[in-house]
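Following: one structure in structure tokens, then a few remarks.
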Amino acid sequence: MKKPLVILILFFSLILIGFGLRGKISGEKFESEKWKTADLIDENNMSLRWDMMNSFRNNQNLIGKSKKEIVSLLGKPDENFTNEKTFRYYLGYSHTGINTGSLIIDFENGIVKNYSVWQG
């Protein structure tokens, strides 16, 4: 009797995990040109950059890159939230309600010191 109960619990656990992760793990491959030309106002592309973040973080090492290299890779940063020490790139909707995200890149002497993803 215990074996069917264990199998049933595992089955429902997998379903719950699947729903919990839905939209948070994306297989969208990072492509520089797609990133740079993403129309995040278009309903079909509202989360394109956000969907590329897993691939981006796994395959791009920004630490040590120059501002010129970052602009070549990601395009010009958002002007309203960018200064000499920080670039910000809007990521679009994050698939968790109406949350949006941003990629924040911090520079020291024109070289990437740190970067993070902000959601809120």
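The residue of segment 72-88 that is least open to solvent (accessible area, probe 1.4 Å), among those that are assigned to a strand (DSSP E or B) and of a type outside the set (S, T, N, Q), is 87. Answer yes if at least one residue in segment 61-71 is open to solvent by 50 Å² or more (accessible area, probe 1.4 Å) and under 13 Å from the mean Cα position of the chain (by Cα), and no otherwise. No, segment 61-71 has no match at all.
In segment 61-71, the count of residues that are under 14 Å from residue 28 (Cα atoms), assigned to a helix (DSSP H, G or I) and not acidic (Asp, Glu) is zero.
Being farther than 15 Å from residue 94 by Cα and surrounded by fewer than 11 Cβ atoms within 10 Å (Cβ to Cβ) is the filter here, so list the residues in segment 43-60 that pass it. Hits for segment 43-60 are 58, 59.
Search segment 106-119 for residues being within 22 Å of residue 58 (Cβ to Cβ) and among the aromatic types (Phe, Trp, Tyr), and hand back the single one that is least open to solvent (accessible area, probe 1.4 Å). Going through the qualifying residues, I end up with 115. Taking the criterion of being among the β-branched types (Val, Ile, Thr) and in contact with a strand residue (DSSP E or B) (Cβ under 7 Å, 6 or more places away or on another chain), the only residue of segment 71-85 that qualifies is 82.
Counting only residues that are at negative phi, open to solvent by less than 50 Å² (accessible area, probe 1.4 Å) and assigned to a strand (DSSP E or B), segment 89-105 holds 8 of them.
For segment 39-66, the set of residues classified as within 20 Å of residue 96 (Cα to Cα) and of a type in the set (Gly, Ala, Ser) consists of 47, 55, listed by residue number.
The values are calculated or read from the model by the stated rules, or taken from the named source; none is laboratory data. This structure is a prediction, so every number in the text was calculated from the model and none was measured. Heads up, the Cβs are rebuilt from the backbone with ideal geometry, glycines too, and the neighbour counts pull from every protein chain shown. In case anyone asks, the SASA skips ligands and DNA or RNA and just uses the protein heavy atoms, side chains included. Shrake-Rupley method; radii C 1.70, N 1.55, O 1.52, S 1.80 Å.
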